[in-house]
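Undergrad: I have a structure here, written as structure tokens, and I will follow up with some questions on it.
The values are calculated or read from the model by the stated rules, or taken from the named source; none is laboratory data. These numbers come from a predicted model, not from an experiment. A quick note on method: Cβ atoms are made from the backbone with ideal geometry, for glycine too, and the neighbour counts reach across all protein chains shown.
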Amino acid sequence: MKRYLPSVRNKRTRRLSLTAACLAFFLAIVEPANASSNMQQVFLTIPADQLPPAELPTPNQLDPDPATPSLLELDSIKVVDASAMARISIAARQVESARQADGAREVARQIIAQKYRWSEKQFTCLDNLWTKESKWNYKSRNKSSGAHGIAQALPATKMEIVGTDWRTNPVTQITWGLKYIDERYKYPCRAWSKSKRSHWY
């Protein structure tokens, strides 16, 4: 009978230890308010062979709604929006500058350099022409004929092919005037010669 006593004691000790461990774990999980603030973190290690099999995401999980832009696409949109906003800001400054005669001349130079590549002589002719017509004043209007703007478009509604804001936007007026000269006379000096002969161009 004596030979079985150590075995019984060992079983009782293991049971008590297991019970105490479960109780401590229960208190830590269910009643955190009663647990000591100095209690150390408990880490559970689960053997790899007991883990559930890893599931690879399906295409639908990766992109549940193809109509919704991804983060990469949103970043691209931000870049596009920033670029568009920068262009709008530059255009607004250009319009404000062109409300003065010197600013309007500078805008005309920029458009000529970008699109027409006329010489400095041609710009001098243009300057003479539009100084005579309107003094580079975008509000200028001929009371008798109704010609309007820096280039004195007649009728003024012709400028709508460039922009409907032709009444208030000097850049629209300059863009239309340069286009008109290019298509009708090819060069500003020819338009200036016509104006000196006929008092219109």
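Undergrad: Conditions first: (1) touching a Leu at 6+ places or on another chain (Cβ under 6 Å); (2) assigned to a loop (DSSP other than H, G, I, E, B). Trp192 passes all but one, so which condition is the exception?
TA: Trp192 satisfies all of (1) touching a Leu at 6+ places or on another chain (Cβ under 6 Å); (2) assigned to a loop (DSSP other than H, G, I, E, B) except (2).
Undergrad: If I ask for residues that are aliphatic (A, V, I, L, M) and within 17 Å of Val162 (Cβ to Cβ), which ones from the range 93-123 would you list? Spell out how you get there, then give the answer.
TA: Step one: list which residues in the range 93-123 are aliphatic (A, V, I, L, M), which gives 95, 98, 101, 104, 107-108, 111-113.
Residues satisfying the conditions are Val95, Ala98, Ala104, Val107, Ala108, Ile111, Ile112.
Undergrad: Return the residues of the range 107-136 that are free of Cβ contacts under 8 Å to residues at least 12 places away in the same chain and of a type in the set (Gly, Ala, Ser); say none if nothing qualifies.
TA: Ala113, Ser119, listed by residue number.
Undergrad: Next question. Are any of the residues in the range 107-117 surrounded by 11 or more Cβ atoms within 10 Å (Cβ to Cβ), closer than 23 Å to Ser195 by Cα and modelled with pLDDT under 95?
TA: Taking the range 107-117 as the starting set, the residues that turn out to be surrounded by 11 or more Cβ atoms within 10 Å (Cβ to Cβ) are 107-113, 115-116.
Keeping just the survivors that are closer than 23 Å to Ser195 by Cα gives 107-109, 111-112, 116.
Then keep just the ones that are modelled with pLDDT under 95; that gives none.
Checking the range 107-117: not a single residue is surrounded by 11 or more Cβ atoms within 10 Å (Cβ to Cβ), closer than 23 Å to Ser195 by Cα and modelled with pLDDT under 95.
Undergrad: Residue by residue through the range 128-144, note down the ones that are more than 37 Å from the chain's Cα centre (by Cα) and surrounded by fewer than 17 Cβ atoms within 10 Å (Cβ to Cβ).
TA: Asn128, Thr131, Lys132, Lys135, Arg141, Asn142, Lys143, Ser144
Undergrad: Name the residues in the range 145-154 that are surrounded by fewer than 18 Cβ atoms within 10 Å (Cβ to Cβ) and in contact with a Ser or Thr (Cβ under 9 Å, 6 or more places away or on another chain), would you?
TA: Restricting attention to the range 145-154, the residues satisfying the condition of being surrounded by fewer than 18 Cβ atoms within 10 Å (Cβ to Cβ) are 145-146, 154.
Correct list: Leu154 only.
Undergrad: Can you find even one residue in the range 172-185 that is modelled with pLDDT of 95 or more, small (Gly, Ala, Ser) and either over 14 Å from Val95 (Cα atoms) or touching a Gly at 6+ places or on another chain (Cβ under 9 Å) (or both)?
TA: As a first pass, look at the range 172-185 and keep what is modelled with pLDDT of 95 or more: 172-185.
With small (Gly, Ala, Ser) added as a condition, the list becomes 177.
If we keep only those that are either over 14 Å from Val95 (Cα atoms) or touching a Gly at 6+ places or on another chain (Cβ under 9 Å) (or both) too, we end up with 177.
Looking for residues that are modelled with pLDDT of 95 or more, small (Gly, Ala, Ser) and either over 14 Å from Val95 (Cα atoms) or touching a Gly at 6+ places or on another chain (Cβ under 9 Å) (or both), one finds at least one in the range 172-185, hence yes.
Undergrad: Testing Ala156 on (1) among the small types (Gly, Ala, Ser); (2) on the phi > 0 side of the Ramachandran plot; (3) touching a His at 6+ places or on another chain (Cβ under 8 Å), one condition comes back false. Which one is that?
TA: Of the numbered conditions (1) among the small types (Gly, Ala, Ser); (2) on the phi > 0 side of the Ramachandran plot; (3) touching a His at 6+ places or on another chain (Cβ under 8 Å), the odd one out for Ala156 is (2).
Undergrad: Additional query: Of the residues in the range 124-166, how many are out of contact with any Pro (no Cβ under 7 Å at 6 or more places or on another chain), closer than 18 Å to Ala98 by Cβ, assigned to a helix (DSSP H, G or I) and not β-branched (Val, Ile, Thr)?
TA: Filtering the range 124-166 down to residues out of contact with any Pro (no Cβ under 7 Å at 6 or more places or on another chain) leaves 124, 127-128, 130-137, 139-145, 147-149, 151-166.
Remaining after also requiring closer than 18 Å to Ala98 by Cβ: 127, 130-131, 133-137, 139-141, 148-149, 151-153, 156, 159, 162-166.
From what's left, assigned to a helix (DSSP H, G or I): 127, 130-131, 133-134, 156, 159.
After this cut, where a residue has to be not β-branched (Val, Ile, Thr) as well, the list is 127, 130, 133-134, 156, 159.
Residues flagged as out of contact with any Pro (no Cβ under 7 Å at 6 or more places or on another chain), closer than 18 Å to Ala98 by Cβ, assigned to a helix (DSSP H, G or I) and not β-branched (Val, Ile, Thr) within the range 124-166 amount to 6.
Undergrad: Next question. Would you confirm whether or not the range 119-134 contains a residue that is out of contact with any Gly (no Cβ under 8 Å at 6 or more places or on another chain) and at positive phi? Working first, answer last.
TA: Kept after step one, since they are out of contact with any Gly (no Cβ under 8 Å at 6 or more places or on another chain), are these residues of the range 119-134: 119-129, 131-133.
In the following step, the residues that additionally are at positive phi were identified as none.
No: zero hits.
Undergrad: Scan the range 83-98 residue by residue and report those that are touching a residue at least 60 places away in the same chain (Cβ under 8 Å) and either farther than 20 Å from Gly149 by Cβ or touching a Phe, Trp or Tyr at 6+ places or on another chain (Cβ under 8 Å) (or both).
TA: Correct list: Ala98 only.
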